[in-house]
Amino acid sequence: MKVRIKFRKYGVLKFIGHLDVMRFFQKMMRRAEIPIAFTGGYSPHMIMSFASPLGIGLTSDGEYVDIELTELIDSETAVRRMNAVTAEGIEILSFRQISEEKKATGMAIVAAADYLVSVRKGTMPDQWKEQFTEFLSQKEIRIVKQTKRSEQEVDIRPWIYQAEIRGEQIYLHLAAGSVQNLKPDLVMEAFCKFCGIQEETVVFSYHRLEMYAESSENKAESAERFVTLESLGEEICSEKC
């Protein structure tokens, strides 16, 4: 049985990297007595994969890890056990059964993510909101994107699915995944360049809200074409359900 776990990452744990989060979850599984499956061979390890690892310094309300179970455990019990042994900074939100298909893993299907970007007061020009509207009105937003092997100039405007000012924050709905992947700091770097200011003088903080897959029902070029990774799973009920 394959299961998708949704969790939030907050507080000081935003400063730990993906490998440390993975080790933390391995220990959590043992302490919570979650019947997770292991690989075979001489060096067995827990079968788990993260949808899209969060960068250091970011917080999130929508992180996902997929695991395999060797026996049934209901969602309510699993969430309660894991939250009982977790540390401050990681909270388990849901535990849902997902499709057995290999191509249905969060890592394979994630296609978008949304973020809230906070701007520290006094580090941007007073008219930054008007400038952001002008920034988005461009037909092209070209940046130099670093790849594993080289640098490449790309137009990121098609990868910004939605963006708007929300109070003193910026909401961004961006492409994510293995095919197209746009991080919010690259958008803000391009915005700073558009404003003609040094990025180092501005303080941004980033919070991921949710991750999405493409809906099989609605492939229109709009935000509605996406569904949350959580919605693709079902609660596992106990015998009392």
Checklist outcome for this item: Here the qualifying pairs (Cβ atoms under 6 Å; residues six or more apart or on different chains; first in segment 119-132 and within 14 Å of residue 196 (Cβ to Cβ); second among the acidic types (Asp, Glu)) come out as none
Checklist entry - Would a scan of segment 29-50 turn up a residue that is surrounded by fewer than 15 Cβ atoms within 10 Å (Cβ to Cβ), in a helix (DSSP H, G or I) and not aromatic (Phe, Trp, Tyr)? => result yes
Next on the checklist: Among the residues of segment 133-164, what is the count of those that are surrounded by 13 or more Cβ atoms within 10 Å (Cβ to Cβ), more than 15 Å from residue 194 (Cβ to Cβ) and not polar (S, T, N, Q)?
Outcome noted: 5
Checklist entry - How many residues, within segment 71-97, are open to solvent by 10 Å² or more (accessible area, probe 1.4 Å), closer than 22 Å to residue 21 by Cα and of a type in the set (A, V, I, L, M, F, W, C)? => result 5
Checklist entry - Which number in (1) in a helix (DSSP H, G or I); (2) under 23 Å from the mean Cα position of the chain (by Cα); (3) at pLDDT 95 or above marks the one condition that residue 96 misses? => result (1)
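Okay, residues lined up against (1) more than 27 Å from residue 213 (Cα to Cα); (2) surrounded by 18 or more Cβ atoms within 10 Å (Cβ to Cβ):
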| position | (1), (2) |
| --- | --- |
| 107 | no, no |
| 113 | no, yes |
| 118 | no, no |
| 125 | yes, no |
| 129 | yes, no |
Next on the checklist: Of everything in segment 51-70, what is surrounded by fewer than 16 Cβ atoms within 10 Å (Cβ to Cβ) and in contact (Cβ under 8 Å) with a residue 60 or more places away in the chain? Give them in sequence order.
Outcome noted: 55, 57
Item to check | Search result, residues across segment 59-83 that are touching a helix residue (DSSP H, G or I) at 6+ places or on another chain (Cβ under 8 Å), assigned to a strand (DSSP E or B) and hydrophobic (A, V, I, L, M, F, W, C) | outcome: 65, 67
Item to check | Residues (more than 16 Å from the chain's Cα centre (by Cα) and polar (S, T, N, Q)) located in segment 17-57 | outcome: 26, 39, 43
Checklist outcome for this item: Taking segment 187-213 and the residues there that are modelled with pLDDT of 90 or more and charged (D, E, K, R), the one that is farthest from residue 92 (Cα to Cα) would be 193
Item to check | Pair list, Cβ under 6 Å, 6 or more apart: segment 1-21 residue more than 10 Å from residue 89 (Cα to Cα), other residue open to solvent by 30 Å² or more (accessible area, probe 1.4 Å) and not in a strand (DSSP E or B) | outcome: 2/100; 6/230; 17/56; 18/53
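The values are calculated or read from the model by the stated rules, or taken from the named source; none is laboratory data. Given the structure is predicted, the values throughout are model-derived calculations rather than measurements. Methodologically, a virtual Cβ is constructed for each residue, glycine included, from the backbone with ideal geometry; neighbour enumeration extends over all protein chains shown. These area figures cover heavy atoms from the full protein model, side chains too; ligands, DNA and RNA do not enter into them. Shrake-Rupley method; radii C 1.70, N 1.55, O 1.52, S 1.80 Å.
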